[in-house]
Amino acid sequence: MLDAITQIAGHVQSAQDAAHLQRHAGMIVRGARDGVPEADDLAAVEAGFTAAIEALCERFG
């Protein structure tokens, strides 16, 4: 899902939509932090989160 948010970020037309995607990315990473026991798996989710947020920030700062 974080990969999808990263891809969608380049097509977002409003800051409000970007904020919604950031909120959803945050929910995904928080869920992973609470429920993913494997360090490597969690690191992959964290990296996906970082990529998604960076993509959204590139578009809407």
Q. Restricted to segment 9-51, and to residues that are within 17 Å of GLY61 (Cβ to Cβ) and β-branched (Val, Ile, Thr), which residue is surrounded by the fewest Cβ atoms within 10 Å (Cβ to Cβ)?
A. THR50
Q.
For a quick check of your reading of the model, give me the residue pairs whose first member lies in segment 41-61 and is assigned to a helix (DSSP H, G or I), whose second is at pLDDT below 95 and exposed (fewer than 14 other Cβ atoms within 10 Å of the Cβ), with beta-carbon atoms closer than 6 Å and at least 6 apart or on different chains.
A. PHE60/ALA15
Q | Output for segment 52-61, where each listed residue is small (Gly, Ala, Ser) and surrounded by fewer than 16 Cβ atoms within 10 Å (Cβ to Cβ) | A | GLY61
Q. Is it fair to say ALA32 is under 15 Å from LEU2 (Cβ atoms), in contact with a helix residue (DSSP H, G or I) (Cβ under 8 Å, 6 or more places away or on another chain), of a type in the set (A, V, I, L, M) and at pLDDT 95 or above?
A. yes
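The values are calculated or read from the model by the stated rules, or taken from the named source; none is laboratory data. Fair warning: this is a prediction, and the values are worked out from it, not measured in the lab. Cβ atoms come from the backbone with ideal geometry, glycine included; neighbour counts cover every protein chain shown.
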